[in-house]
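Student: Here you go, one structure.
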Amino acid sequence: MSQFFVNRPIVAMVISILLLIVGGITAAFLPIAQFPDIASPDIQIAATYLGADSETVEKAVATPIEQQMSGVDHMNYMVSLNSNNGQMLLTVNFALDTDPGTDQILAQMRQTQAASQLPQAVNDLGVTVQKSSAAPLMVVALYSPEST
């Protein structure tokens, strides 16, 4: 069978071009929306407390917000980053099967409940609650020692 295509390369090229065209046409009609979500939704809460170090930000800003967020429905975990320039970034991770819009509304309501416990300087600058794009699950890098 392979000898047939070796002796007639034009037939092999025509078949490969037809397969390429048919594959391109069928790829346009694939139901991409039916594929499951891979990364769970994240909500980021950001606040700034001018003139505060990371320990002050943790006690005055992060702790009250974290206490309120601990009861949000379908929450998996949360991670808080506090910096010495007065910024706080809290990432709340939700279950995979939840709606990111609903998760943002729930987090916004909990943040509003914590607003009375925050310093006035933080409330004046505002606290931001927004959906976050997920980080890549895997990064692949290829390396060749001989540069080939």
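The values are calculated or read from the model by the stated rules, or taken from the named source; none is laboratory data. What you see is a predicted model; the values in this text were computed from it and never measured. No Cβ is skipped: glycine too gets one built from the backbone with ideal geometry, and neighbour counts run over all protein chains shown. Side chains included, ligands, DNA and RNA excluded: accessible areas come from the protein's heavy atoms. Shrake-Rupley method; radii C 1.70, N 1.55, O 1.52, S 1.80 Å.
Student: What are the residues in the stretch 1-60 that are of a type in the set (Asp, Glu) and open to solvent by 80 Å² or more (accessible area, probe 1.4 Å), if any? I'd like the intermediate steps shown before the answer.
Tutor: At the first step, the residues of the stretch 1-60 found to be of a type in the set (Asp, Glu) are 37, 42, 53, 55, 58.
If the condition is that a residue be of a type in the set (Asp, Glu) and open to solvent by 80 Å² or more (accessible area, probe 1.4 Å), then 37, 55, 58 are the ones that fit.
Student: Moving on to the next point. Cβ-Cβ distance below 6 Å, separation of 6 or more or different chains: which pairs start in the stretch 46-66 with a residue that is closer than 19 Å to residue 116 by Cβ and end on one that is among the aromatic types (Phe, Trp, Tyr) and open to solvent by 30 Å² or more (accessible area, probe 1.4 Å)?
Tutor: Qualifying pairs under 6 Å: 57/49; 61/49.
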